[in-house]
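Structure first, commentary second.
The values are calculated or read from the model by the stated rules, or taken from the named source; none is laboratory data. Computed from a predicted model, the values in this text were never measured in an experiment. Neighbour counts run over all protein chains shown; Cβ positions are idealised from the backbone, glycine included. Only protein heavy atoms, including side chains, enter the accessible area calculation; ligands, DNA and RNA are left aside. Shrake-Rupley method; radii C 1.70, N 1.55, O 1.52, S 1.80 Å.
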Amino acid sequence: MMIMVAISASAKNDWSGKVVDAQGEPVAYANVAVLSKADSTVICGSVTQEDGSFNIVTKENDGIMMVAMLGYQTVFMTPVDGALITLSEDATLLQSAVATAIMPKTKLTGEGIQTGVRGSVLENAGSARDVLEKTPGIVKSSNGIEVIGKGAPQIYINGHKVTDSSELDRLQSNEIQSIEVITNPSAKYDATVRSVVRIRTIRRQGDGFGFNLNASDAQSLRWATGNNYSGALNMNYRTGGVDIFAGVNYDRSTARQLSDLEKASFGRTESGGDWLFENKGDMEAVYFGRSVYGNAGVNWQIADNHFAGGKVEWGRQLQIDDITTIHDNVYENGTLIDRLTTVSNDHVGGKPCYNVGANLYYNGMIADKLGVDVNFDYYGNGASSTSLSEEVSEMSEDARIISDSENAGRMYAAKAVLTYPIWLGQLEAGTEETFSRRRDEYYISGVDIPASKALVTENIYSGFANYGFMLPNVGMFSAGIRYEYVNYYYRDELHPENDIPRNYGNWFPSFSYAGAAGPVQLMLNYSKKTRRPDYNNLSGVVRYNSRYLWQSGNAQLQPELSHDLSFMAVWSFITAGLEYSRTDDAIVVWSAPYNDEGVVLVKPRNLDTPYRSLGAFVNLTPTIGIWTMNYTFALQPQWLTINAPDPREASGVRKTTFNNKPIGQVQLFNTFALKGGWQLELGGTVTTPGYTQNLYLRNWYCDITAAVQKTLLKDGSLVLRLEGRDLAGMAHFDVDSDFGSHTIMQTNRMDSQKIKFSLRYKFNTAKSKYRGTGAGADTRSRL
């Protein structure tokens, strides 16, 4: 259904206004166009900003204004300056939901999948992290929150990039308006960003002082010492156009892992004979850490559509105690040659472990049409550690190994984005520059491993452009291009002959289409992406883990290049997606014999064969009375063949395949909204055995969760929550690895069975007005 009003406009040819939804929330990126009254041809157009505002300047004095956005009814009206235009949900997309009186919570936006949180059972799910785990398109994996088929996303809250993951624990679910999962980020994002999650919080009005307080305590059910607790206080003061904010967070964390290991190394002697080293034993690793994090900043609304501000962030690692005990029986060609116990203790060294960051931004409109978004960022970190390993052998000499390491990194970045309405859509263009350096030093005594001292510098220059528009009754189209040029230099300060200079550039195109076929919303995306090695993977330092296990980086690593193709569909409470990816020069961790004495060296390498993967999922979110279901079914097959060095083969190389065993995953979350502010939750995640790159997960993973929550006070400002994780004690992965000349079988038992109590209180809180989007996101995370 379309709403249409066609009468002559006044002589005024400068029209501005604001577009909102039925709840009064701004609708960003809606297309606004002026059509000829005679033949409906497009005269000029614009796109709404983040706050829903738009401005159109034209010589046309008589025409029709059209406002269109995927998922909403298209509006035609007389151009009126200062108009507040309300878009209604497209009735065609709601027909199947009317029968059960349930409004759909998920829709396509043209960039991704948007899930409404406010007014749904997700509103009381806990923290932002808890909500993300139950958002369509996202699953919880062993590595944390991942977008299916895309890996870990880059997360934004109200436009600012999340750089501290604890921010997801501090933001509460009842403060969130919606979550948008973008599987095809546009050209304005770094080429390493394969997925984006945008969290929008609820708009709250009014000035004055406000704060929110969060505290939690999680106790392990298997390990009495395993107690994690944290607290956060965030404050805010607003007056007029000035917004001042500050926050502090304290965290104490523990972890424990028990593993059984069997490792085998194959080699050939100089005389042509074969040798076999085997290690069979067990490991216990425990970790204790304490950290503090703070931030402060200011936002200033200089005038209408002109904003500026800045913020600083800092963090300090107060404690690191990482204690590992390994019992190892070593066999050479089937004969026991050593029975070894190694106890290693890593802790903070002579210098503090810290990080500090700063951001300055300007965001505004010039001449009511040209959008300007400028960001300047700084980030620095430093860390030092001392490791003491004491080895007691029953069949050879004991040893005492002491190592010290220090590293420090710096990054400066700038990003400018200009937007301008052209024809039916908006052109977006800009540039981003990042300058970084990292220094590593490593010294060791008690073993014959050389010291190292290296400096890595990397400068990245980028330019990008993106154009998006909407054709009524056809859909939304977007195409972009990004170019990145990288100047890289690895300097070995002790051995200059090992220096590695490298310069390279790449183009990264992207395309997306979003439309509707009757009640079904559809989206198709393509993009080319890259992944650059983390700085610690570029270090040539050989680090000592134990007598038979050493570790190193690889300064020769090349960046990955990926081609991603995705398709998504939404109908009523059903969301389905398909993600295909091909990656060249994929970076994997590789183990191989270092010498003929049983020492194994672990280091990253690039694969010389392509890595192809597919991710398919279906998400269902029906509601029956007080019961809301959130069920996800996912399957992730892959195709990978590796030419692995193997001295047992005549050619010295063995083709190893990691195919035909896809990983399946089922997430079943059930929420019961009861009277009196009570909410009950019961859910679980099951993952089947299967391949992930060159690793095989050989056990069934099962994480059963339950929670009870009570909301108190009239305004719901106090929330008490009790939850249990891994109630069945099966949330762990057992891993097999085949590296040709080296194999590993590892069984793990993690300290994940816990009971957690949390308290959340808010007083006069308001939505952050911070508009800084940041620059150099990828480089910062790699540092």
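Scanning the stretch 112-136 for residues that are more than 17 Å from the chain's Cα centre (by Cα) and not hydroxyl-bearing (Ser, Thr, Tyr) returns GLY116, VAL117, ARG118, GLY119, VAL121, LEU122, GLU123, ASN124, ALA125, GLY126.
In the stretch 688-708, which residues are assigned to a strand (DSSP E or B), modelled with pLDDT of 95 or more and of a type in the set (S, T, N, Q)? The one that is assigned to a strand (DSSP E or B), modelled with pLDDT of 95 or more and of a type in the set (S, T, N, Q): THR705. Can you confirm whether ASP404 is part of a loop (DSSP other than H, G, I, E, B), among the charged types (D, E, K, R), over 30 Å from GLN73 (Cβ atoms) and open to solvent by 40 Å² or more (accessible area, probe 1.4 Å)? When the stated conditions are applied, ASP404 does not pass them.
Would you check if ASP534 is modelled with pLDDT under 90 and farther than 30 Å from GLY273 by Cα? Yes, satisfied. Within the option set THR163, THR135, being within 26 Å of ASN295 (Cβ to Cβ), in a loop (DSSP other than H, G, I, E, B), open to solvent by 20 Å² or more (accessible area, probe 1.4 Å) and touching a helix residue (DSSP H, G or I) at 6+ places or on another chain (Cβ under 9 Å) holds for one residue only, THR163. Quick check on my filter: what residues within the stretch 139-159 are open to solvent by less than 20 Å² (accessible area, probe 1.4 Å) and over 10 Å from the mean Cα position of the chain (by Cα)? Once the filter is applied, which keeps residues that are open to solvent by less than 20 Å² (accessible area, probe 1.4 Å) and over 10 Å from the mean Cα position of the chain (by Cα), the stretch 139-159 yields VAL139, ILE148, ILE157. Given the condition in contact (Cβ under 8 Å) with a residue 24 or more places away in the chain, of a type in the set (S, T, N, Q) and part of a strand (DSSP E or B), answer yes or no: does some residue in the stretch 712-734 qualify? Taking every residue of the stretch 712-734 in turn, none turns out to be in contact (Cβ under 8 Å) with a residue 24 or more places away in the chain, of a type in the set (S, T, N, Q) and part of a strand (DSSP E or B). Considering each residue of the stretch 212-241, count those that are open to solvent by less than 50 Å² (accessible area, probe 1.4 Å) and either of a type in the set (D, E, K, R) or part of a strand (DSSP E or B) (or both), and give that number. So the count comes out to 14.
Taken over the stretch 172-207, residues that are over 30 Å from THR530 (Cβ atoms) and either at pLDDT below 85 or assigned to a loop (DSSP other than H, G, I, E, B) (or both) amount to 11.
Restricted to the stretch 604-687, the set of strands (runs of 3 or more DSSP E) holding at least 2 residues that are closer than 30 Å to GLY540 by Cβ and of a type outside the set (Phe, Trp, Tyr) comprises 641-645, 653-657.
Kindly check whether there is at least one residue in the stretch 294-315 that is under 28 Å from TYR548 (Cα atoms) and open to solvent by 50 Å² or more (accessible area, probe 1.4 Å). The answer is no, given that none of the residues of the stretch 294-315 is under 28 Å from TYR548 (Cα atoms) and open to solvent by 50 Å² or more (accessible area, probe 1.4 Å). Of all residues in the stretch 546-559, those satisfying the criterion of being open to solvent by less than 30 Å² (accessible area, probe 1.4 Å) and within 23 Å of GLU441 (Cα to Cα) are SER546, TYR548, TRP550, SER552, GLY553, ASN554, ALA555, LEU557.
Name the single residue that is surrounded by the fewest Cβ atoms within 10 Å (Cβ to Cβ) among those in the stretch 166-181 being of a type in the set (A, V, I, L, M, F, W, C) and either farther than 16 Å from ILE138 by Cβ or within 13 Å of the chain's Cα centre (by Cα) (or both). I'd like the intermediate steps shown before the answer.
Taking the stretch 166-181 and keeping what is of a type in the set (A, V, I, L, M, F, W, C), we get 168, 171, 176, 179, 181.
Subsequent filtering for residues that are either farther than 16 Å from ILE138 by Cβ or within 13 Å of the chain's Cα centre (by Cα) (or both) retains 168, 181.
Values: LEU168: 20, VAL181: 27.
Looking at residues that are of a type in the set (A, V, I, L, M, F, W, C) and either farther than 16 Å from ILE138 by Cβ or within 13 Å of the chain's Cα centre (by Cα) (or both), I get LEU168.
For the stretch 560-578, the count of residues that are open to solvent by less than 40 Å² (accessible area, probe 1.4 Å), under 30 Å from GLU406 (Cα atoms), in contact with a Phe, Trp or Tyr (Cβ under 9 Å, 6 or more places away or on another chain) and not in a strand (DSSP E or B) is zero. The residue pairs whose first member lies in the stretch 285-302 and is under 30 Å from ILE326 (Cβ atoms), whose second member is open to solvent by less than 20 Å² (accessible area, probe 1.4 Å) and modelled with pLDDT under 95, and whose beta carbons are closer than 6 Å, counting only pairs six or more residues apart or on different chains, do not exist in this structure.
Mind listing whichever residues of the stretch 242-271 are open to solvent by 40 Å² or more (accessible area, probe 1.4 Å) and under 30 Å from ASP304 (Cβ atoms)? Within the stretch 242-271, VAL242, ILE244 qualify. Exactly one residue out of ALA255, ALA264 is over 33 Å from the mean Cα position of the chain (by Cα), at pLDDT 90 or above and over 30 Å from GLN301 (Cα atoms), and it is ALA264. Determine whether TYR378 is open to solvent by 20 Å² or more (accessible area, probe 1.4 Å) and of a type in the set (Phe, Trp, Tyr). When the stated conditions are applied, TYR378 passes them.
Restricting to the stretch 330-352, name every residue that is of a type in the set (Ser, Thr, Tyr) and exposed (fewer than 15 other Cβ atoms within 10 Å of the Cβ).
Selection gives THR335 alone.
For the subset of the stretch 656-673 comprising residues that are of a type in the set (S, T, N, Q), more than 8 Å from PRO637 (Cα to Cα) and within 27 Å of the chain's Cα centre (by Cα), which member is surrounded by the fewest Cβ atoms within 10 Å (Cβ to Cβ)? Per the criteria, the residue is ASN670.
Rundown of residues vs (1) open to solvent by 40 Å² or more (accessible area, probe 1.4 Å); (2) closer than 18 Å to SER186 by Cα; (3) part of a strand (DSSP E or B), yes/no style:
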{"site": "GLU397", "(1), (2), (3)": "yes, no, no"}
{"site": "TYR442", "(1), (2), (3)": "no, no, yes"}
{"site": "ILE460", "(1), (2), (3)": "no, no, yes"}
{"site": "ILE481", "(1), (2), (3)": "yes, yes, yes"}
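With respect to the stated conditions, LEU388 is surrounded by fewer than 16 Cβ atoms within 10 Å (Cβ to Cβ), under 18 Å from TYR442 (Cβ atoms) and not acidic (Asp, Glu).
Whether a residue is crowded, with 19+ Cβ neighbours inside 10 Å, farther than 21 Å from ALA706 by Cβ, touching a strand residue (DSSP E or B) at 6+ places or on another chain (Cβ under 8 Å) and not basic (Lys, Arg) was assessed, and ILE202 does not pass this test.
Please indicate, with yes or no, whether at least one residue in the stretch 112-120 is crowded, with 17+ Cβ neighbours inside 10 Å, in a loop (DSSP other than H, G, I, E, B) and modelled with pLDDT under 75.
Scanning the stretch 112-120, I find no residue that is crowded, with 17+ Cβ neighbours inside 10 Å, in a loop (DSSP other than H, G, I, E, B) and modelled with pLDDT under 75, so the answer is no.
Starting from residues that are loosely packed, with under 15 Cβ neighbours inside 10 Å and within 15 Å of ASN333 (Cα to Cα), keep the ones in the stretch 273-293 and report whichever is nearest to the chain's Cα centre (by Cα). This residue is LEU276.
In the set (1) among the aliphatic types (A, V, I, L, M); (2) surrounded by fewer than 19 Cβ atoms within 10 Å (Cβ to Cβ); (3) modelled with pLDDT of 75 or more, the condition left unmet by MET65 is number (2).
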